[in-house]
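Engineer: For reference, the structure I am asking about is given below.
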Amino acid sequence: MGNVVAIIGDVVDSRSYHDRSAMIDSLERAFAFANDFLAPEDVPFRLTAGDEFQGLIVDPKRFVDAYSVL
């Protein structure tokens, strides 16, 4: 495998959200939408620990497209 792009994120101050469960649900829906645009060889976006998330874009040329959909 050549160069790839890992997109890793964390929701800042997520514990301060009044309805944290709704925020997590919203993230999961956003990832499901974004994952529809990924190539088959990409690793889908998903929550990894609480409010942290990650995904892997195999072709760096598609990074901006993937990031924009998020």
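Every number in this text was worked out from the coordinates using simple rules, so none of it is lab data. Computed from a predicted model, the values in this text were never measured in an experiment. Here the Cβ positions follow ideal geometry from the backbone for every residue, glycine too, while neighbour counts run over all protein chains shown.
Engineer: What nm value, rounded to one decimal, do you get for the distance between Asp65 and Ala39 when each label is placed 7 Å out toward the C-beta?
Structural biologist: In this crude spin-label approximation the distance works out to 0.8 nm.
Engineer: Among the GluC sites (Glu not before Pro) in the chain, which ones are in a DSSP loop with at most 15 other Cβ atoms within 10 Å of the Cβ? Mind listing them?
Structural biologist: Working: sites: Glu28, Glu41, Glu52; in loops: Glu41.
Hits after loop and neighbour filter: Glu41.
Engineer: Relative contact order of the chain: what whole-number percent is it, with Cα pairs under 8 angstrom and at least 6 residues apart?
Structural biologist: This gives 43 percent for the chain.
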